[in-house]
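**Q** Okay, handing you the structure first.
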Amino acid sequence: MEKFDHQKIEKETQKYWEESGIYTTDLSETKKDPYYLLFEFPYPSGDLHIGHWYAFALTDIFARFKRMQGKNVLFPMGFDSFGLPAENAAIKHGVNPREWTYANMDRMRAQVKSMGTSVDWSKEVVSSDPEYYRWTQWLFSKLYEHGLAERRNAAVKWCPKDQTVLANEQVTDGKCERCGTEVEEKTLTQWFFTITKYAKRLLEDLDALPWKEEIKDAQRAWIGESKGAKLSFPVKDTEVAISVFTTRPDTLFGSTYVVLAPEHPLVGELLSRTKNKEDIENYVSQVKKKTERERLENKEKTGVLLEGIDVINPATKELIPVFIADYVLASYGTGAVMAVPAHDERDYVFAQKFSLPVKQVLVTEAPVPYTGSGVLQDSGEFSGMSSEEAKEAIVKFVEGELTTNYRIRDWLVSRQRYWGCPIPVVYDPEGTPHIVPSEHLPWLLPEDVDFTLSGKSPLATSKELKERVTTLFGEGWTPEYDTLDTFVDSSWYFLRYLDPEDVHDFSDQALMKKWLPVDRYSGGSEHTTMHLLYARFFHKALYDLALVPTPEPFNERMNRGLIMGPDGQKMSKSKGNVVNPDEFVQKFGADAVRMYLAFIGPYNEPGNYPWSLDGVVSMRRFLDRIVWLSGRLVDEEPDAALRKSLSQASTKVATDTERFKFNTAISSLMVLVRDMDGYEKLSKAAYKDLLLFLAPFAPHLAEHLWKTVGGTSSIHLESFPHYPDGVEETEMTIIVQVNGKKRGEITVPVDATQDVVEKGAETIPSLATLLHEEQVIRKIYVPGRILNFVINKN
Ligand code: ANZ
């Protein structure tokens, strides 16, 4: 009787996989269809936690499944190995960030192998390797040459005590999160990628992507398209005018004051004409301590009147006052708004506080502020017009300009950090930037740096870097001291997987043609906006430079959920609810852990799933049951009933696995095993099919048992069992929809024609009435699956 010694089996099978090289993908092979399955390369934080298992081992199920379906699967892995934690470890414990990072990667590689993943390690990419970042630098230079990388001033939050730049997340209530010191704002010259130039295309090209609407909507919201107009409010007795961006030019006659962002350049210009200079300056310096998020969230509206300044409402010609207030952001639109308190919530609250007039210009019974559209009143010749008509007419009347604004900002890629890709730029004695010529790439990260926060970027403390620049470029030349945001590293790593050792190019053109776009990209929902949007932008930029063959990098994108602690809370060291997978792998085996994670919930939908020990135990029992069945095998073909179970399992496992519904795929395996339990003598052929179904989920055990039933090579090179004609199914179930919504199901003979299916559908009671009253425009029949009635919705 076969015993399930998981430790022994895992050791043997993993060794066999490694030695046989069965997971190495021949990228040039032409007989099979290529399938590029990507998962987000991890940051090498050290130990693998259960979340990593969820990310890698479950995607691995799909990689194995696709191989069994006859695809030539590329399933690579690498490390996103630049980043702050390594530098923090250096500051805190005095360890070398490189050594710390590379030791972590060694540990993680071993752990990833322990999961039984079928990763092709020959394609590995490590973003902190000079051979990799040399090409990050080269791509940066391409973007620079084409005006997509620019240098400008930008405000950063600065902690005067820690002498460091803070990320927005590190500022709370205007104070440094680490030491509580009041944060200051500092202006630094920094590098940007002009992603805003691509805003429109990033938005429009989303439509054709086969992503879930919720993922697309998150990107749409992030890009934030807003159609409106720029209108000009002349400042009385001056030559200047305040330009505002508004989405509601139809309400212009109701604008009773104007608000500037405190950082607006006109504030400085107008300051000498004001009567309350000191108040204004005080307010401006207060605001600098707040982060943008705090400003947007601010509960209480604050602001200061610019005493002595009036502007002219271009429609009414009336003089109205000007305020500065922090609810207006400098970086959006024109940094100035025309306030219409009767029809805008924030303006209304502000007007109440400062006792400003509220002038209603839309006909409505609703209480103030009424923010909808309607028919204009009190708006001169435009009274009586609808909002929609009036918008354009009023813009024309005051000689404004229709514009589209995007909320997305240019991508600030400079980091005042050490452990990142050095920006390949040097400055001549006049301070003009020059790209480091490609013969000097990789532009190496210096080793002789001081991490103790000295107020400047650590690279500025390197003697070697300074000397390097002097030697190569001349006296008076200086290096760029900032490094690149790690999101730049992760914007192209999937291109490098295709040709990780190429020293002449960042990737291979022919292979990119064959393998791009990535077929399916599996990742965390937290990367829906930043990483996914940055990578799309980067790829489009490279596409425009004819460096990549496709306008989009990824075809399908699937977001997964989160594994929570056993208490249902997010896992964290401080809560003491972190699950260490190694312990469970030791005890129950990697396959049981994989299967449990796969069973915990639908992988194709982000959700929060609490880890449960009982769940792992019962998965182990299920696997034990399969081992136990191997003691009953006979050399016989399955009977009709068993053939039917096998056929059903085959269909269900295949369709569910295809859609990342691993949980229900496993349920159907359970049904099959239960059916097999009923046989005292079990057909070996049937059992072999069970093992083939199981192989993607429990790769070690399936491999092992395969050998015991006479398999000569790896089970993972076999095909997924198909039952083309199946066991004669006599009936089929058709889903009936109206306008795409499920309204019922009918069962019809398998050979039923569309006519017969339609007749059947009309017998569904709720449908019968609907179909009579409504006018059916079209009927769409997906044979054997769905009948959809498209009806007129009046
Ligand atoms: C007058 C007005 C009247 C507005 C009204 C709204 C309703 P979205 O849709 O997000 O683009 N706005 C413009 N620039 C701003 C800035 N820099 N900071 C804060 N608010 C700003 O929003 C555009 C609207 O937000 C603009 O339309 C402007 O207020 C405000 F009944 O102009 B509106």
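The values are calculated or read from the model by the stated rules, or taken from the named source; none is laboratory data. The structure presented is a predicted model; accordingly, all values stated were derived computationally and were not measured. Positions of Cβ are generated from backbone atoms using ideal geometry, with glycine treated the same way; all protein chains shown enter the neighbour counts.
**Q** Using beta carbons and a limit of 7 Å, which pairs, at least six apart or on different chains, have the first residue in the range 369-380 and more than 22 Å from Val349 (Cα to Cα) and among the aliphatic types (A, V, I, L, M) and the second one within 11 Å of the ligand (Cβ to nearest atom) and in a strand (DSSP E or B)?
**A** Val375/Leu362; Leu376/Leu362
**Q** Take Ile324 and tell me if it is away from the ligand (no atom under 11 Å from the Cβ), at pLDDT 95 or above and closer than 30 Å to Arg152 by Cα.
**A** yes
**Q** Would you please list the contacts, defined by Cβ atoms under 9 Å and residues six or more apart or on different chains, that run from a residue in the range 237-253 that is of a type in the set (Lys, Arg) to a residue that is within 11 Å of the ligand (Cβ to nearest atom) and in a loop (DSSP other than H, G, I, E, B)?
**A** Arg248/Val340; Arg248/His343; Arg248/Asp344; Arg248/Thr371; Arg248/Ser373
**Q** Also, I was wondering about something else. Can you pull out the residues in the range 335-361 that are within 7 Å of the ligand (Cβ to nearest atom) and assigned to a loop (DSSP other than H, G, I, E, B)?
**A** Gly335, Val340, His343, Asp344
**Q** When both residues are 6+ apart or on different chains and their Cβ atoms are under 6 Å apart, which pairs have a first residue that lies in the range 92-114 and is crowded, with 18+ Cβ neighbours inside 10 Å, and a second that is among the acidic types (Asp, Glu) and assigned to a helix (DSSP H, G or I)?
**A** Here the result reads Pro97/Glu87, each pair linking the range 92-114 to a residue that is among the acidic types (Asp, Glu) and assigned to a helix (DSSP H, G or I).
**Q** Which of the residues belonging to the range 147-179 are part of a loop (DSSP other than H, G, I, E, B), out of contact with any strand residue (DSSP E or B) (no Cβ under 9 Å at 6 or more places or on another chain) and surrounded by 12 or more Cβ atoms within 10 Å (Cβ to Cβ)?
**A** If we filter the range 147-179 for residues that are part of a loop (DSSP other than H, G, I, E, B), which is where we start, we get 147-148, 160-163, 167, 173-174, 177-179.
Next, from what is left, pick out any that are out of contact with any strand residue (DSSP E or B) (no Cβ under 9 Å at 6 or more places or on another chain): 147, 163, 173.
If the condition is that a residue be part of a loop (DSSP other than H, G, I, E, B), out of contact with any strand residue (DSSP E or B) (no Cβ under 9 Å at 6 or more places or on another chain) and surrounded by 12 or more Cβ atoms within 10 Å (Cβ to Cβ), then Gln163, Asp173 are the ones that fit.
**Q** Now for a different question. Hey, any hits in the range 289-311 for a residue that's of a type in the set (Ser, Thr, Tyr), more than 11 Å from the ligand (Cβ to nearest atom) and closer than 29 Å to Ile223 by Cβ? Write out each step before concluding.
**A** As a first pass, look at the range 289-311 and keep what is of a type in the set (Ser, Thr, Tyr): 291, 302.
The next check asks that each one be more than 11 Å from the ligand (Cβ to nearest atom); those that pass are 291, 302.
From what is left, the residues that are closer than 29 Å to Ile223 by Cβ are 291.
Checked against the condition, which is being of a type in the set (Ser, Thr, Tyr), more than 11 Å from the ligand (Cβ to nearest atom) and closer than 29 Å to Ile223 by Cβ, the range 289-311 yields at least one hit.
**Q** What strands (runs of 3 or more DSSP E), lying completely within the range 489-568, carry at least 2 residues that are of a type in the set (A, V, I, L, M, F, W, C)?
**A** 554-560, 562-564
**Q** What are the residues in the range 371-391 that are surrounded by fewer than 19 Cβ atoms within 10 Å (Cβ to Cβ) and part of a loop (DSSP other than H, G, I, E, B), if any?
**A** Passing the criteria: Thr371, Gly372, Ser373, Gly374, Gln377, Asp378, Ser383, Gly384, Met385.
**Q** Only one residue in Arg417, Arg409 is assigned to a loop (DSSP other than H, G, I, E, B) and under 18 Å from Asp489 (Cβ atoms), so which one is that?
**A** Arg417
**Q** Which of the numbered conditions does Ser719 fail, given that it passes all the others? Conditions: (1) in a helix (DSSP H, G or I); (2) surrounded by fewer than 21 Cβ atoms within 10 Å (Cβ to Cβ).
**A** For Ser719, the exception is condition (1).
**Q** Which pairs turn up if I take residues in the range 433-451 that are part of a helix (DSSP H, G or I) and look for partners that are hydrophobic (A, V, I, L, M, F, W, C) with beta carbon separation below 9 Å, at least 6 apart in sequence or on another chain?
**A** Matching pairs, first to second residue: Ser438/Trp138; His440/Leu472.
**Q** Can you go through Gly524, Gly476 and tell me which one is of a type in the set (Gly, Ala, Ser), surrounded by fewer than 18 Cβ atoms within 10 Å (Cβ to Cβ) and more than 16 Å from Gln219 (Cα to Cα)?
**A** That would be Gly476, the only listed residue that is of a type in the set (Gly, Ala, Ser), surrounded by fewer than 18 Cβ atoms within 10 Å (Cβ to Cβ) and more than 16 Å from Gln219 (Cα to Cα).
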